[in-house]
Amino acid sequence: MGPPMDSVRMDKWLWAARFFKTRALAAESCEMGRVFSNGYQAKAARDVRVGDLLRVKSEGGLFEVEVLALSSVRGPGLYHETEGSKVARAKTEEERKMMAVWDVPSGRPSKKDRREIDKARGRVVRF
């Protein structure tokens with residue numbers, strides 16, 4: 001085993017943490033502005049360090065994670081997802097499921113459909 005790492009390239013770390021299937025996809029996401037490190041847009045060559053806060057938009061959703069470990073080989077335990085991120089992803093997934101269940105008969109939802117959609121999104125307003 002080699003010496004401990006201080007930093008790893010962003011694209012390599014994102015691939016190792018299994019956010020993307022290939023380094024090329026990770027690099028492409030960086031260039032498209034879908035990856036932020038400590039609040040700044042991250043390029044593929046940017047260094048990742050332990051303790052960095054990353055915001056990553058991938059096929060799995062929008063993740064906010066804290067870097068726990070560095071690695072250039074794929075494996076588990078490289079990050080910890082924030083609680084806010086978990087809640088937001090669960091809510092988004094629930095909304096997606098509700099929209100998938102909802103039949104799209106004639107374009108616009110009925111008043112009853114709209115109420116169900118609003119309820120699923122947590123926007124229930126009663127007078």
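The values are calculated or read from the model by the stated rules, or taken from the named source; none is laboratory data. The shown structure was predicted, so the numbers you read here are calculated from the model rather than taken from an experiment. All Cβ positions, even for glycine, are placed from backbone atoms using ideal geometry, and neighbour counts span all protein chains on display. The accessibility values were calculated without ligands, DNA or RNA, using every heavy atom of the protein model including side chains. Shrake-Rupley method; radii C 1.70, N 1.55, O 1.52, S 1.80 Å.
List of remarks:
- Residue check for residue 111: more than 15 Å from the chain's Cα centre (by Cα) and at pLDDT below 95: yes
- Meets criteria (closer than 19 Å to residue 81 by Cβ, without any contact (Cβ under 8 Å) to a residue 60 or more places away in the chain and part of a loop (DSSP other than H, G, I, E, B)) for residue 19: yes
- Region 60-70, residues that are closer than 29 Å to residue 96 by Cβ and part of a loop (DSSP other than H, G, I, E, B): 60, 68
- Subset of region 26-43 [of a type outside the set (Gly, Ala, Ser), surrounded by fewer than 16 Cβ atoms within 10 Å (Cβ to Cβ) and free of Cβ contacts under 8 Å to residues at least 24 places away in the same chain]: 28, 31, 32, 38, 40, 41
- When the test is whether a residue is within 20 Å of residue 27 (Cβ to Cβ) and in a strand (DSSP E or B), residue 73 does not pass it.
- Subset tally (residues that are in contact with a helix residue (DSSP H, G or I) (Cβ under 8 Å, 6 or more places away or on another chain) and either farther than 28 Å from residue 96 by Cβ or part of a loop (DSSP other than H, G, I, E, B) (or both)) for region 24-59: 7
- Taken as a whole, the structure leaves residue 100 outside the set of residues that are open to solvent by less than 60 Å² (accessible area, probe 1.4 Å) and hydrophobic (A, V, I, L, M, F, W, C).
- Just one of the listed residues (46, 55, 23, 18) is open to solvent by 20 Å² or more (accessible area, probe 1.4 Å), of a type in the set (Lys, Arg) and under 11 Å from the mean Cα position of the chain (by Cα), namely 55.
- Within region 77-104, residues that are hydrophobic (A, V, I, L, M, F, W, C) and assigned to a helix (DSSP H, G or I) sit with their Cβ atoms under 6 Å from residues that are open to solvent by less than 80 Å² (accessible area, probe 1.4 Å) and modelled with pLDDT under 95, at 6+ positions apart or across chains, in these pairs: 98/120.
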